[in-house]
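Novice: Structure in structure tokens, see below.
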Amino acid sequence: MENIVFREATMDDAEEMISYLNIVGRESDNLMHGSDGFKAPVEAVKRRIQASHESDNSVIMIALSDGKIIGRAELAGYPAAKLHHNATFSISVRKDYWNMKIGTRLMTEIIECAKKMNLRNIDLEVVVDNKAAIALYHKMGFTDIGVYENYWYANNTYSDAIVMQKCLDESK
Ligand SMILES: CC(C)(COP(=O)(O)OP(=O)(O)OC[C@H]1O[C@@H](n2cnc3c(N)ncnc32)[C@H](O)[C@@H]1OP(=O)(O)O)[C@@H](O)C(=O)NCCC(=O)NCCS
């Protein structure tokens, strides 16, 4: 962990982020983009990173080892004014680095950012058999709020997902 750098992504990370997303997509069935690859052009990824950086309810954090991205977590804030205090969370870590607390550190950083941005809720969905992610989310204070039936389709199979929330409003 000593040599791993954690920081917010910048537009200069766009190309490396595309390479990273193509690698992790092949390593897990639990990500939106799978073995078919992550196909967005570099300019689109740059725009997304910049929009996230400029927004007051979103952030993209990365973990780097020797200049290579090995983990990524994103808080994507809801754009509508009445939902602006909510954001959706997503995360991935390169398989070679699983169970080394990279995910824990990325989530810790993201939750700190969410608090600084005065968000009230972070939500996410996780496929019911994704034990590592469920363990991580529960450890970081997320609670189950329901089941989204047939949410995920991978390997010709529909799977349910657990919907989770972390409430950042300390009065609740
Ligand atoms: C989920 C993911 C981000 C976790 O990253 P990570 O860096 O390995 O996370 P950490 O090491 O910080 O924590 C993993 C936790 O899961 C636990 N865990 C791992 N495998 C487990 C299993 N089969 N059953 C129960 N717990 C498990 C670990 O013990 C650890 O908990 P601990 O810190 O209390 O010991 C990573 O596995 C990943 O990228 N998976 C593929 C993409 C994915 O599923 N993303 C989430 C989509 S919702």
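Novice: State yes or no: is Ile49 touching a residue at least 24 places away in the same chain (Cβ under 8 Å), surrounded by 14 or more Cβ atoms within 10 Å (Cβ to Cβ), part of a helix (DSSP H, G or I) and more than 13 Å from the ligand (Cβ to nearest atom)? Steps first, please.
Specialist: On the way: touching a residue at least 24 places away in the same chain (Cβ under 8 Å): yes; surrounded by 14 or more Cβ atoms within 10 Å (Cβ to Cβ): yes; part of a helix (DSSP H, G or I): yes; more than 13 Å from the ligand (Cβ to nearest atom): yes.
Judged against the criteria, Ile49 is a match.
Novice: For region 150-172, check the following and say yes or no: at least one residue is under 16 Å from the mean Cα position of the chain (by Cα), more than 13 Å from the ligand (Cβ to nearest atom) and exposed (fewer than 13 other Cβ atoms within 10 Å of the Cβ).
Specialist: No: region 150-172 contains no residue that is under 16 Å from the mean Cα position of the chain (by Cα), more than 13 Å from the ligand (Cβ to nearest atom) and exposed (fewer than 13 other Cβ atoms within 10 Å of the Cβ).
Novice: Which of the residues spanning region 87-96 are more than 6 Å from the ligand (Cβ to nearest atom), closer than 16 Å to Ser28 by Cβ and in contact with a Gly (Cβ under 8 Å, 6 or more places away or on another chain)?
Specialist: Arg94
Novice: Follow-up. Report, by residue number, each residue of region 1-17 that is assigned to a helix (DSSP H, G or I) and over 12 Å from Ile49 (Cα atoms).
Specialist: Scanning region 1-17 gives a single hit, Glu16.
Novice: Of all residues in region 99-114 being free of Cβ contacts under 8 Å to residues at least 40 places away in the same chain and within 14 Å of Arg72 (Cβ to Cβ), which is farthest from the ligand (Cβ to nearest atom)?
Specialist: Met107
Novice: Limited to region 19-42, what total is found for residues that are within 11 Å of the ligand (Cβ to nearest atom) and acidic (Asp, Glu)?
Specialist: The number of residues fulfilling the criteria is 2.
Novice: Looking only at region 140-149, decide whether some residue is crowded, with 17+ Cβ neighbours inside 10 Å, under 29 Å from Arg26 (Cα atoms) and under 16 Å from the mean Cα position of the chain (by Cα).
Specialist: Yes; the residues of region 140-149 include at least one that is crowded, with 17+ Cβ neighbours inside 10 Å, under 29 Å from Arg26 (Cα atoms) and under 16 Å from the mean Cα position of the chain (by Cα).
None of the figures in this text is laboratory data; all of them are computed from the coordinates on show. Keep in mind it's a predicted model, so treat the numbers as computed, not measured. Here Cβ is always computed from backbone atoms with ideal geometry, including for glycine, and neighbour counts include all displayed protein chains.
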